[in-house]
Amino acid sequence: MTISGDVAVGYVVPQDVTIYPVEGDDQYGYIYANGRVWIVDNNTRALVQSPGYLVSQSSADFAIANPIDPIEAQGDVVVGYVLPEGATITPVPNDSYYGYVYINGRPALVDTSSRTVVYYQ
């Protein structure tokens with residue numbers, strides 16, 4: 001599912017979106033939106049946290065199998081690193097949330113909406 005606009009902790013999930021139950025915890029449910037899992041407070045429908053990104057194996061496999069020219073990066077590149085403005089992110093086919101770059105000869109999958117590295121081999 002895609003939610004337009006800035007989705008972050010505190011965002012209230014619209015009434016027409018199904019919140020799935022968390023087994024053993026009636027207070028919270030979850031949704032998948034914008035390439036991430038989100039934990040939702042069932043009483044307020046507010047997002048309370050995201051345990052992380054959902055990166056498909058096929059997206060990672062595509063980036064590994066299709067090397068591109070590397071980009072310049074400053075500092076330590078780890079999951080959570082935000083790419084500098086101007087760095088070209090190559091789309092991953094059939095995955096609207098992620099693109100990829102190569103840094104130091106290694107593929108990195110990137111959340112295209114935030115330019116954040118979500119997988120770095």
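Before moving on, here are some points about what is shown:
- The set of residues from region 29-69 being farther than 17 Å from Asp95 by Cα and among the small types (Gly, Ala, Ser) comprises Gly29, Ala46, Ser50.
- Complete set of residues in region 105-121 that are over 15 Å from Asn66 (Cα atoms) and either basic (Lys, Arg) or at pLDDT below 90 (or both): Ser113, Ser114, Arg115
- Only residues that are within 14 Å of Tyr120 (Cα to Cα) and within 20 Å of the chain's Cα centre (by Cα) were counted across region 90-106, and they come to 7.
- Answer residue from region 1-57, given it is closer than 21 Å to Tyr97 by Cα and aromatic (Phe, Trp, Tyr) and is surrounded by the fewest Cβ atoms within 10 Å (Cβ to Cβ) among those: Tyr32
- Those residues of region 87-107 which are part of a strand (DSSP E or B) and either under 15 Å from Gly35 (Cβ atoms) or touching a Leu at 6+ places or on another chain (Cβ under 8 Å) (or both), in sequence order: Pro91, Val92, Asp95, Ser96, Tyr97, Tyr98, Gly99, Tyr100, Val101
- For beta carbons closer than 7 Å, sequence separation of 6+ or different chains, a first residue in region 93-114 that is farther than 14 Å from Thr2 by Cα and a second that is among the small types (Gly, Ala, Ser) and assigned to a strand (DSSP E or B), the qualifying pairs are Tyr100/Ala108; Val101/Ala108; Val110/Gly99.
The values are calculated or read from the model by the stated rules, or taken from the named source; none is laboratory data. All values derive from a computational prediction rather than experimental measurement. We place every Cβ from the backbone using ideal geometry, glycine too, and count neighbours over all the protein chains shown.
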